[in-house]
Amino acid sequence: QVDLVESGGGSVQPGGSLRLSCAASENIFNFNVMAWFRQAPGKQRELVASINVGGRLSYADSVMGRFTISRDGAKKMVYLQMDSLKPEDTGIYFCRAQILSSSYWGQGTQVTVSS
C-alpha cells in the first residue's frame, strides 16, 4: 500500500502563489513518474505537471512558465510551486505515483483562486 498525502492548498487572489506538497510513504524513486493532476468542478481530471525517475519534467500548456514541479528524494516529497495563479487554476489538486501499470493517488487538496 502506497500512501500519498497532499497539503498546501488554500485560497489566494489572482496573481498570487501557492506551494503544494505531496508526502509519499515510500521512496519516490521507486516510481516511474510522480505527477500532479487537478480537477475543476464539472470537469475531468487533467494532468498538470510530471517528473519521471530520470528527472524529465513535463507541463500542461496552460501552466507552462507559471508552475514548477520538483522533488526531494531524501524527504520522499514532491512539490508544485504555483505562481501567477489565475481563477481557472481553481480545483482539487491530486498527487499521483505511477509504477508500470499501477497508479496511486492522494486524497487531494483544494486550491481556490478568486478575488
Review point. Can you name the residue in segment 71-107 that is exposed (fewer than 15 other Cβ atoms within 10 Å of the Cβ), of a type in the set (S, T, N, Q) and at negative phi and, of all such residues, is nearest to the chain's Cα centre (by Cα)?
Key: Q107
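This table checks each residue for (1) acidic (D, E); (2) farther than 17 Å from Q98 by Cβ; (3) modelled with pLDDT of 95 or more.
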residue	(1), (2), (3)
S21	no, yes, yes
S25	no, no, yes
N30	no, no, no
W36	no, no, yes
P41	no, yes, no
A49	no, no, yes
Check your understanding: surrounded by 15 or more Cβ atoms within 10 Å (Cβ to Cβ) and modelled with pLDDT of 95 or more, is that true of V5?
Key -> no
Exercise for review: Please determine, by comparing only the residues of segment 17-51 that are open to solvent by less than 20 Å² (accessible area, probe 1.4 Å) and not in a strand (DSSP E or B), which one is farthest from M77 (Cα to Cα).
Suggested key: F31
**Study point:** segment 31-44: number of residues that are of a type outside the set (V, I, T) and either touching a His at 6+ places or on another chain (Cβ under 9 Å) or farther than 14 Å from V111 by Cα (or both)
**Key:** 7
Revision key, fill the gap. Scanning segment 101-115 for residues that are part of a strand (DSSP E or B) and polar (S, T, N, Q) gives S102, S103, T109, Q110, T112
Review point. Is it fair to say Y59 is surrounded by 17 or more Cβ atoms within 10 Å (Cβ to Cβ), free of Cβ contacts under 8 Å to residues at least 40 places away in the same chain and not basic (K, R)?
Key: yes
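The values are calculated or read from the model by the stated rules, or taken from the named source; none is laboratory data. Fair warning: this is a prediction, and the values are worked out from it, not measured in the lab. Using ideal geometry, Cβ is built from the backbone for each residue, glycine included, and neighbour counts are taken over all protein chains shown. Just the protein is used for accessible areas: all its heavy atoms, side chains included, with ligands, DNA and RNA removed. Shrake-Rupley method; radii C 1.70, N 1.55, O 1.52, S 1.80 Å.
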